Amino acid sequence: MSEPAKAASSDAVPVLETDPGPGADPEITRRVGDLTVTIDRLLCVGFGDCIDEAPEAFEFDDEGVAILTSPDDVERGRLLKACEICPVDAITVTDADGHRLVPGT
């Protein structure tokens, strides 16, 4: 009897943006050009304003929490606006020097 084929570990693709799983870090962080975008999954309540502004960059996961999909496909200004309009400040953005851009001070 043959054993089922196993995927090589080098072929594994991280799925944090789409399926954090039990016990996962409640923050999703992703580099987008010179920006670092972080979604706090505990703060996100699913208003969807970020999705309305940049549907290429964000969508809801199975729990109704915003996740990053293809943020590189969105113009920088529009991505920043989509992050800025989060009514609960669940999305933070820092630049390459670590300065917080969103939420504004």
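Overview of values
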{"item": "Boolean, GLU53 is of a type outside the set (S, T, N, Q) and touching a Lys or Arg at 6+ places or on another chain (Cβ under 9 Å)", "result": "yes"}
{"item": "Residue list for the stretch 59-68, restricted to those being part of a loop (DSSP other than H, G, I, E, B) and crowded, with 16+ Cβ neighbours inside 10 Å", "result": "ASP61, VAL65"}
{"item": "In the stretch 22-31, the residues that are out of contact with any Lys or Arg (no Cβ under 8 Å at 6 or more places or on another chain) and either surrounded by 14 or more Cβ atoms within 10 Å (Cβ to Cβ) or outside any loop (DSSP other than H, G, I, E, B) (or both)", "result": "THR29, ARG30, ARG31"}
{"item": "Breaking point among (1) surrounded by 16 or more Cβ atoms within 10 Å (Cβ to Cβ); (2) touching a residue at least 24 places away in the same chain (Cβ under 8 Å); (3) not small (Gly, Ala, Ser), for GLU84", "result": "(2)"}
{"item": "The stretch 71-105, residues that are assigned to a loop (DSSP other than H, G, I, E, B) and within 12 Å of GLY33 (Cβ to Cβ)", "result": "VAL74, GLU75, ASP95, ALA96"}
{"item": "Residues of the stretch 49-70 satisfying the condition of being in contact with a helix residue (DSSP H, G or I) (Cβ under 6 Å, 6 or more places away or on another chain) and not acidic (Asp, Glu)", "result": "CYS50, ALA54, ALA57, PHE58, ALA66"}
{"item": "Residue check for THR36: in contact with a Pro (Cβ under 8 Å, 6 or more places away or on another chain), surrounded by 12 or more Cβ atoms within 10 Å (Cβ to Cβ) and in a strand (DSSP E or B)", "result": "no"}
{"item": "Of residues in the stretch 9-21 being surrounded by 15 or more Cβ atoms within 10 Å (Cβ to Cβ) and farther than 18 Å from ASP73 by Cα, the one modelled with the lowest pLDDT", "result": "LEU16"}
{"item": "Hits in the stretch 70-105 - residues which are among the hydrophobic types (A, V, I, L, M, F, W, C) and under 16 Å from ARG30 (Cα atoms)", "result": "VAL74, LEU79, LEU80, ALA82, CYS83, ALA90, ILE91, VAL93, ALA96, LEU101, VAL102"}
{"item": "Extreme residue, surrounded by the fewest Cβ atoms within 10 Å (Cβ to Cβ), among residues of the stretch 46-58 that are outside any helix (DSSP H, G or I), more than 9 Å from the chain's Cα centre (by Cα) and of a type in the set (A, V, I, L, M, F, W, C)", "result": "PHE47"}
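The values are calculated or read from the model by the stated rules, or taken from the named source; none is laboratory data. All values reported here derive from a predicted model rather than from experimental measurement. With ideal geometry, Cβ positions are generated from the backbone for all residues, glycine too; neighbour counts draw on all protein chains shown.
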